[in-house]
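Undergrad: The structure follows.
Read-outs: derived from the displayed coordinates by stated rules, not from any lab. This structure is a prediction, so every number in the text was calculated from the model and none was measured. Backbone-built Cβ (ideal geometry, glycine too); neighbour counts: all protein chains shown.
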Protein chains: 2
Amino acid sequence: MGIEEMIVTPWEVVGKIDYKKLIEKFGTKPLSGKLLKKIEKHAGKLHMQLRRGVFFSHRDLDWLLDKYENGEKFALYTGRGPSGPVHLGHLIPWVFTKYLQDSFDAKLYFQMTDDEKYLITPKMTSKMALNHTYDNLLDLIALGFDPKKTLVISDMRCARTMYNIALNVAKHVTLSTAKAVFGFTDNSNIGIVFFPSIQAVPAFLPSILEGKNVPCLIPAAIDQDPYWRVTRDAAHKLGFYKPAQIHSKFMPGLGKGGKMSASIPETCIFTIDEPEIVEKKIKNAFTGGRATVKEQRRLGGNPNICSVHQYLYYMFEKDDDKIKELHNLCETGKMLCGECKQILLDKVQPFLKEHQKKREKAKDKVDEFLADNKINIKLPWKG
Amino acid sequence: MGIEEMIVTPWEVVGKIDYKKLIEKFGTKPLSGKLLKKIEKHAGKLHMQLRRGVFFSHRDLDWLLDKYENGEKFALYTGRGPSGPVHLGHLIPWVFTKYLQDSFDAKLYFQMTDDEKYLITPKMTSKMALNHTYDNLLDLIALGFDPKKTLVISDMRCARTMYNIALNVAKHVTLSTAKAVFGFTDNSNIGIVFFPSIQAVPAFLPSILEGKNVPCLIPAAIDQDPYWRVTRDAAHKLGFYKPAQIHSKFMPGLGKGGKMSASIPETCIFTIDEPEIVEKKIKNAFTGGRATVKEQRRLGGNPNICSVHQYLYYMFEKDDDKIKELHNLCETGKMLCGECKQILLDKVQPFLKEHQKKREKAKDKVDEFLADNKINIKLPWKG
């Protein structure tokens with residue numbers, strides 16, 4: 001792979017990603033062995049995504065765990081821009097968030113930024129955005145989150161609470177800061193310019209709803225980091241704890257290089273894909289294989305650039321020994337791409353079959369998860 | 001009075017106002033005799049503020065009245081930035097709006113922009129802004145608006161509806177337009193940059209709530225005109241009628257020149273002022289009188305620059321013959337400022353006494369006027 005420019009913003013991930021450079025660029029910290037041990041102590045075991053460095057960077061996680069050890073529970077905040085169906089790449093931080101929820105008995109605030117998607121997508125109507133929120137919520141519920149500890153916030157549906165709290169943030173963010181951090185230009189619409197204030201709200205909601213300062217941890221892909229810089233500044237000004245963060249890498253797509261992207265459907269396996277479609281996508285996936293079987297037997301494949309291997313590594317092969325073995329079998333030419341694809345397929349198909357069942361059942365549970373009235377803040381009123 | 005620069009923006013009115021020039025500058029139209037006759041035909045009589053040119057300019061009022069004559073009722077939209085107590089200057093367009101409501105059986109949407117005031121006033125908390133909304137609402141109710149035909153919208157309290165509709169507006173307004181029209185700079189906060197979208201909403205609410213395009217008329221001082229230019233553009237893009245407008249002049253303050261301003265309390269009579277305070281303010285008011293009694297008897301006063309005369313003219317002397325007589329008595333030196341001040345005082349005191357009584361009673365009626373749940377728009381939702 002040649003030298004490619006690396007572009008990482010909340011809207012664009014291009015090129016071969018150097019995660020060490022990203023840590024430097026964003027000014028975050030690598031997840032140290034010491035921190036991992038601390039997590040392991042409380043969680044009982046380290047999640048596969050921690051063992052394998054899928055989550056690899058953080059801000060203030062050390063502070064958050066100290067607080068936890070001193071008896072201050074933290075809340076979790078993550079979210080989704082509901083622009084279309086959910087794909088497997090989206091599930092990675094959600095699965096990890098569930099592990100954190102279960103391990104630390106943490107409440108989760110899950111934001112559906114339907115307002116953002118409506119604002120930045122020319123052809124999207126607000127109805128479409130809300131429909132995506134509903135559909136994506138089914139995927140979230142299907143993963144088994146605890147409804148007693150999970151509030152799903154649709155920005156549009158919860159607009160009364162979101163807008164009122166966002167005003168407090170907005171008052172402290174100048175246009176100049178927003179332009180510098182998010183790259184807004186004179187052509188940006190005034191809705192998306194305001195949006196970072198809305199995006200900040202769930203970091204403060206736990207404190208507002210519980211009436212005391214509550215530490216907050218945001219698990220998200222590292223490209224979302226700029227948003228939280230503004231949120232952290234606002235937190236400081238408004239007297240809230242700054243939210244801590246734990247950053248993941250990007251789930252590779254089935255195509256060559258780059259992030260799995262819903263805008264290139266053949267590079268993504270959507271959770272609602274039919275089995276035949278899934279089979280076709282995996283069979284056509286980009287691998288690290290050689291041009292011919294003969295060559296591959298002789299020289300071996302390259303699992304490090306192989307999207308099939310990455311899928312197994314990031315999500316589907318949970319056994320560390322087995323994933324190492326697969327890596328080795330590939331490099332030594334003992335396993336061909338077809339076999340490896342079949343291994344992945346045999347894991348993805350039953351997962352999706354089960355997920356789709358749970359997704360159907362989730363339709364009855366939507367109301368248990370929706371924040372709506374549960375977070376309807378009381379406004380001060382003389383009368 | 002020397003030559004002064006004229007500055008008129010939604011936030012600032014400075015200098016001697018040339019209303020003809022404002023009509024040219026803003027590109028509005030003067031209220032023609034033909035239009036006034038049309039209003040008179042339907043209303044039964046012309047309101048004092050129309051007869052005397054307090055309302056003097058318009059946009060599309062001819063179109064609106066044609067629609068009315070063809071059986072399409074219009075809605076009224078006006079509002080208030082609740083930054084503190086209401087003064088007499090604020091009542092002028094409200095009294096006029098009530099005349100329109102009564103004469104044309106029109107629904108009124110009255111917006112309290114507590115969000116705006118919170119965003120642009122450094123020391124104002126959201127609690128203070130909401131308290132002002134409540135207090136100002138009492139003044140509105142005291143004027144006798146029909147609760148069945150009046151919806152008072154607090155942007156903060158109605159944020160769910162307001163934000164969701166504002167998103168539709170915001171998507172069509174670029175930062176560049178907002179900067180050009182409202183003068184936002186890089187130091188503006190991102191909340192106030194978004195605010196024009198919220199300000200536009202009540203112009204579309206009648207159509208949204210009634211499920212059909214409803215003409216809308218905005219009575220407001222002419223300095224608010226820029227806001228509606230953006231609203232009119234958005235209306236066009238969203239398929240709503242453009243709101244028509246009828247513009248008033250500025251209520252003069254008790255000080256020399258300029259607009260009555262709540263930020264200079266001695267130039268305003270607040271509706272909650274005690275009688276002694278009112279007396280003191282009127283006694284100290286700037287007039288068109290001469291340095292000495294003798295001189296005034298000989299040369300006469302100048303009612304055209306006299307704030308006391310303006311108060312009588314704009315609001316308190318409803319008899320056209322009497323106001324002409326007072327003008328004449330002043331110019332010919334037959335009446336001195338002290339007498340004239342007493343005439344005003346004798347009208348203002350009983351008005352305020354009555355108003356303050358009604359204001360107290362209004363506390364029981366607040367819920368009848370508040371939009372809150374009445375305009376809680378239903379969002380499309382698959383589930």
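Undergrad: How would segment B:7-254 be classified by its alpha-carbon gyration tensor: rounded, prolate or oblate, with rounded meaning a/c under 1.5 and the a/b versus b/c comparison settling the rest?
TA: Verdict is rounded for segment B:7-254.
Undergrad: Another question, if that's okay. What does the helix-only formula give at 222 nm for the protein assembly as shown: each DSSP H stretch with n ≥ 4 adding -39500 (n - 2.57), the total divided by the residues, and the result rounded to the nearest 500 deg cm²/dmol?
TA: -15000 deg cm²/dmol
Undergrad: I've got another one for you. In whole angstrom, how far apart do the alpha carbon centroids of segment B:290-314 and segment A:122-179 sit?
TA: Centre-to-centre distance over Cα atoms comes out at 61 Å.
Undergrad: Let me ask something else about it. Quick one: if the Förster radius is 41 Å, what FRET efficiency do B:Arg51 and A:Lys378 give, using the C-beta to C-beta distance and rounding to 0.05?
TA: Plugging the Cβ-Cβ distance into 1/(1 + (r/R0)^6) gives 0.30.
Undergrad: In Å and on Cα atoms, what radius of gyration and Dmax does the protein assembly as shown show?
TA: 32.4, 120
Undergrad: Quick one: angle between helix B:126-142 and the longest Cα principal axis of chain B, in degrees between 0 and 90, rounded to 10, please.
TA: Computed tilt is about 60 degrees.
Undergrad: Could you list A:Ser207, B:Ser307, A:Ser176, A:Ser154 so that the one with the fewest beta carbons within 10 Å of its beta carbon is first and the one with the most is last?
TA: Taking fewest neighbouring Cβ atoms as first place, the list is A:Ser176, A:Ser207, B:Ser307, A:Ser154.
Undergrad: Within segment B:331-374, find all residues whose amide N lies under 15 Å from a label point positioned 7 Å from the Cα of B:Arg297 along Cα-to-beta-carbon.
TA: Answer for segment B:331-374: B:332-339.
Undergrad: Specify the residue with the greatest mean-square fluctuation among A:Lys249, A:Lys98, A:Lys34, computed from a Gaussian network of chain A linking alpha-carbon atoms under 10 Å apart.
TA: Most flexible of the set in this elastic network: A:Lys34.
Undergrad: Between helix A:337-362 and chain A, what is the angle of the helix's C-alpha long axis to the longest principal axis, kept within 0 to 90° and rounded to the nearest 10?
TA: That works out to roughly 30 degrees.
Undergrad: Report the residue, chosen from A:Val193, A:Val293, A:Val278, that carries the largest GNM mean-square fluctuation when chain A is represented by alpha-carbon nodes joined by springs under 10 Å.
TA: A:Val293
Undergrad: Hey, another quick one. Sorted from shortest, what are the nm distances separating the label point of B:Lys212 from equivalent points in the other copies, each placed 7 Å from Cα along Cα to C-beta?
TA: 5.8
Undergrad: Using alpha carbon centroids, what distance separates segment A:10-89 and segment A:334-382, in Å?
TA: A separation of 20 Å, based on Cα centres.
Undergrad: Only Lys, Arg, Asp and Glu count, each charged at its Cβ (+1, +1, -1, -1), so figure out the dipole size of segment B:7-254 about its Cα centre, rounded to 20 debye.
TA: Dipole of segment B:7-254, to the nearest 20 debye: 440 debye.
Undergrad: Next up: Rounded if a/c is under 1.5, else prolate if a/b beats b/c, else oblate: with a ≥ b ≥ c from the C-alpha gyration tensor eigenvalues square-rooted, which is segment B:3-148?
TA: Oblate.
Undergrad: In degrees between 0 and 90, to the nearest 10, how far off the longest principal axis of chain B does helix B:159-170 point, with axes built from Cα atoms?
TA: Relative to chain B, helix B:159-170 is tipped by roughly 80 degrees.
Undergrad: Quick one: among A:Ala159, A:Ala170, A:Ala291, which has the greatest mean-square fluctuation in a GNM of chain A with alpha-carbon springs under 10 angstrom?
TA: A:Ala291
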